[in-house]
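Below is one structure, written out as structure tokens, with a few remarks after it.
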Amino acid sequence: MARRRSSVRRAGAGRRAPAAVLLAVVLAVGAIALLILRAGGSSSVMQTGDDGAAAAGRVATGPVRAGESFLERLGAMWTASARIDELERENQDLQTWRELAERLAERNRRYEELLRMPADSFGEGADVERAIAAQLVLDSGGPFTRTLVANAGADHGVRVGYIVVNANGLIGRVVTVGRRSSRVLMLDDYTSRIPVMGEASRVRAVMAGQATRPPELVLYPYQVQSPRLDFIVGAQNLREGERVITSGDGGIFPRGIPVGVAHREGDGSWRVAPAAAQRPIDYVRIIPFVGVETPEETSVADEGPPLNAVSSVAVIGREVTPPPPTVPSAQAPTPRPARPAAQQNPPPSAEPAPEPTQPAPETPPAANGPTE
Amino acid sequence: MLSPRAWGFVLALASVVLPALPFGPLFAQPPMPLAVLWAAYGWAAEREGGPLGEHWLQMLAALRAPIALTALGLLHDQLAGGPYGLFVLLYLSAHLMGRIVSVNMSAPNLISLWGGFVVTAAATVAIAALVARFLAPIAVTPYAEAALITSLFFPIVRPLYMSATVTPRAKVGGRR
């Protein structure tokens, strides 16, 4: 009887805090300190841990994957003949599509030449040729964050900021890199914000991750910070079932990567069914992509266009957003005789601009902002 | 053959490791419960560990509950992608809450133990909300869902973490 009483009921007998409680309090305080110190940035300890966890994950999931593959092959043997016929039909269809795609690619190239647009205008800044194939070996699956660990790291050429896609579309972005592994922030993570647009309607939005729920489309992302854009139009043009792609705004993601399909909730909010949501996400491609640098980061000794000049890009974007306040064309009517040199630039005599009328490809004039 | 307590620890470890493996949404959290919360609460209510001894091994045994919870929390933080300290804080908070609840529990039976666990789980959700507000950008709603699921399953797994003699103990532990 004494033993039974000693379990739960006896817990209230003592008044002096036992050592286990004191240790728990000390460790809890240490945990809070860890959380506070985390504000300093990514930790190399986490990256090293990811490397170890990725290796363990490969070992742990290996037998399961091998078993799945064996059973699939065994099942496929029964329908091999029918599948061969089906594949031959698909192959013929694909040949037709390939020819069509080649014709369209050629036509697209000529159109781009006609428009004199830089080569990376539509997301070609992502170096697809140097894409790194990787396998996802760990899935955070936790309640707080939505991250994945891929088994390719710095040794394989992966860098922070690279884009992660699979056959269906965008998965996320590399946020930390270890030697042989990298952690990918998924597009539905709570902290994920991706500029997107409707493929047909061209309606701009920011896709905000919601962790367990499908990501939400914020249709007026710039309203709070830029009240001047109150007149933004087109939000009502978004269609149910419309494909959502990355818009390239902000220069973090290349433009045109499939993200998912838009659908409207009962409360009127728009959400995206991610294209890459088919689980489990297995093999991925990590695409090198260097975001667009701001003009201040790559300033050149250039006096810029004349006061009254209006670039073609600004004309295209006028219906969506006004030019930034630093654009000198806003002061065109002032009778000043000459435009002063930009304050951040060196004196004009430092280096002449090679072609003042044509923007350099490395510094597109705010074309990746919310102007298109 | 493993004892029920050992199975409880294995279950807690599995709830940390399995969501990290790419086995699909069934193994994500939620819907998988946070079994370490059961362990933290159960070990607290049972005063797992006992008094400190003279030898360092005895001390380690006496302190095994907070040490194990810290280790599981750090492992969970690592596998989930951080931030470090988040799950450690939640699990140790549940442990301390379990201590407080057990001290104030006058007649422990299944209902009161369950109620105590629900209060403990709710307290950890509140702590997660505070962390999200002041320390780190994290999503609290999925954690709250996981904590709710964990609370619902508590009566089923309670024997793995606490004494199985609830009813007699409830009679013995009446108000006095």
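If you filter the stretch B:1-20 down to residues that are open to solvent by 20 Å² or more (accessible area, probe 1.4 Å) and either at positive phi or free of Cβ contacts under 8 Å to residues at least 40 places away in the same chain (or both), you find that the one that is farthest from the other protein chains (Cβ to nearest Cβ) is B:1. Pull up the stretch B:75-90, narrow it to residues that are more than 7 Å from every other protein chain (Cβ to nearest Cβ) and more than 14 Å from the chain's Cα centre (by Cα), then point me to the one that is most open to solvent (accessible area, probe 1.4 Å). Among those residues, the one meeting the criterion is B:75. Residues that are more than 17 Å from the chain's Cα centre (by Cα) and at pLDDT below 90 within the stretch B:110-130 comprise just one, B:111.
Of B:112, B:102, B:93, all but one fail to be facing chain A (nearest Cβ under 7 Å) and either outside any helix (DSSP H, G or I) or open to solvent by 10 Å² or more (accessible area, probe 1.4 Å) (or both); the exception is B:93. Among the residues making up the stretch A:97-110, those that are open to solvent by 90 Å² or more (accessible area, probe 1.4 Å) and either over 31 Å from the mean Cα position of the chain (by Cα) or charged (D, E, K, R) (or both) are A:98, A:99, A:102, A:103, A:107, A:109, A:110. Considering (1) surrounded by 15 or more Cβ atoms within 10 Å (Cβ to Cβ); (2) at pLDDT 85 or above, the lone condition that residue B:107 does not fulfil carries the number (2). Here residue B:117 passes the criteria (1) buried (at least 19 other Cβ atoms within 10 Å of the Cβ); (2) within 9 Å of chain A (Cβ to nearest Cβ) except the one numbered (2). Applying the condition of being outside any strand (DSSP E or B) and open to solvent by less than 10 Å² (accessible area, probe 1.4 Å) to the stretch A:135-160 and asking which residue is nearest to residue B:27 (Cα to Cα) yields A:141. Filtered by the rule that a residue be surrounded by 18 or more Cβ atoms within 10 Å (Cβ to Cβ) and at pLDDT below 75, the stretch A:11-29 gives a lone residue, A:11.
The values are calculated or read from the model by the stated rules, or taken from the named source; none is laboratory data. Bear in mind that the values here come from a model prediction, so they are computed numbers and not experimental data. Glycine also receives a Cβ, built like all others from the backbone with ideal geometry; neighbour counts cover every protein chain displayed. In case anyone asks, the SASA skips ligands and DNA or RNA and just uses the protein heavy atoms, side chains included. Shrake-Rupley method; radii C 1.70, N 1.55, O 1.52, S 1.80 Å.
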